[in-house]
Amino acid sequence: MEKIIEAYLVVPGAASDMSTFELLFGGGPIVVGTLLLLVFMSIGCWAIILLKGVQFLLASSRSSRFLDAFWKSKRLDEVYDNLDSYGSSPIATVFKQGYQELLKVTKGGRTKEGAADNLQRTLRRAAAHEMTSLERWIAFLATTGSTAPFIGLFGTVWGILQAFNKLGAAQQATIQVVGPDIAHALIATAVGLVAAIPAVMGFNYFNTRLRVMHTEMDNFSSDFLNIVKRHLN
């Protein structure tokens with residue numbers, strides 16, 4: 001009688017002693033490969049979120065400082081000479097490209113309309129280049145957010161199929177036979193959600209910030225072009 005009770009107590013204890021490592025990587029090769037892919041995608045997303053967070057923070061703060069200095073200054077050459085203080089500002093970079101083009105067109109003796117057209121194209125090209133730099137790697141967040149749950153679901157479905165195959169081949173159908181396999185399979189969906197949720201949140205945040213910065217660069221380009229047009233002969 002004591003041996004029967006002892007055997008009854010040992011089985012639940014063994015199931016509860018499953019370590020986190022065994023839970024994550026104790027499944028079959030397909031499930032483990034799915035988990036490793038999701039882990040790498042999650043690490044990549046967090047790296048992008050941190051790096052882009054710093055980049056956007058610096059770009060926003062230094063652009064605000066540059067705009068304050070630009071509107072307080074009465075000479076464009078003074079603003080140009082102090083551009084080193086706003087190295088991470090996309091608006092400052094747009095101004096730099098526009099001012100250099102302004103020097104070229106004024107020295108070339110072009111007409112007011114031709115100079116304005118060249119300057120407008122330069123400002124638009126500089127803004128597009130800055131937007132490309134800001135958008136870099138953000139698409140990976142969208143890709144992870146949209147595909148990670150399905151990748152995790154694939155690992156879960158595959159693991160459950162393997163568990164049912166094992167259950168069919170077992171002489172005695174008990175939860176102890178398929179319980180660990182089902183746990184390994186379900187963890188894939190959980191890891192997929194863990195990877196997808198921060199990716200979607202990060203993508204939405206950065207996408208909003210991108211629209212704000214694009215509007216700020218467009219507004220500055222229009223204001224800068226109007227200032228130049230008023231002073232061209």
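The values are calculated or read from the model by the stated rules, or taken from the named source; none is laboratory data. Remember, it's a predicted structure, so these values are computed and weren't measured experimentally. Glycine also receives a Cβ, built like all others from the backbone with ideal geometry; neighbour counts cover every protein chain displayed.
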Q | Failed item, numbered, when Leu51 is tested on (1) modelled with pLDDT under 60; (2) among the hydrophobic types (A, V, I, L, M, F, W, C); (3) closer than 30 Å to Pro90 by Cβ | A | (1)
Q. Out of all the residues in the stretch 1-11, is one or more among the acidic types (Asp, Glu), at pLDDT below 90, part of a helix (DSSP H, G or I) and within 30 Å of Thr156 (Cα to Cα)?
A. no
Q. What about Asp81, is it within 25 Å of His214 (Cα to Cα) and either modelled with pLDDT of 85 or more or of a type in the set (Phe, Trp, Tyr) (or both)?
A. yes
Q.
Cβ contacts < 8 Å: first residue outside any helix (DSSP H, G or I), restricted to the stretch 210-232; second residue buried (at least 16 other Cβ atoms within 10 Å of the Cβ), any location; separation 6+ or different chain. Result?
A. Leu232/Ala115; Leu232/Ala116
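The rows are residues; the columns are (1) part of a helix (DSSP H, G or I); (2) of a type in the set (A, V, I, L, M, F, W, C); (3) out of contact with any Cys (no Cβ under 7 Å at 6 or more places or on another chain).
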{"position": "Trp71", "(1), (2), (3)": "yes, yes, yes"}
{"position": "Lys74", "(1), (2), (3)": "no, no, yes"}
{"position": "Asp77", "(1), (2), (3)": "yes, no, yes"}
{"position": "Asp84", "(1), (2), (3)": "yes, no, yes"}
{"position": "Thr132", "(1), (2), (3)": "yes, no, yes"}
Q: Give just the number: which of (1) modelled with pLDDT of 90 or more; (2) at negative phi does Trp137 not satisfy?
A: (2)
Q.
Under 6 Å between Cβ atoms, which residue pairs at least 6 apart in sequence (or on different chains) link something in the stretch 141-167 that is under 12 Å from Ile197 (Cβ atoms) with a partner that is hydroxyl-bearing (Ser, Thr, Tyr)?
A. Gly152/Thr189
Q: May I ask you to verify whether Gly192 is surrounded by fewer than 16 Cβ atoms within 10 Å (Cβ to Cβ) and either assigned to a helix (DSSP H, G or I) or at pLDDT 95 or above (or both)?
A: no
Q.
Tell me yes or no: at least one residue of the stretch 116-130 is surrounded by 13 or more Cβ atoms within 10 Å (Cβ to Cβ), outside any helix (DSSP H, G or I) and within 22 Å of the chain's Cα centre (by Cα).
A. no
Q: Starting from the stretch 24-48, take each residue that is at negative phi and list its partners that are in a loop (DSSP other than H, G, I, E, B) and at pLDDT below 90, counting only C-beta distances under 9 angstrom and pairs at least six apart or across chains.
A: Gly26/Met18; Gly26/Ser19; Val32/Gly26; Thr34/Gly27; Leu35/Gly27
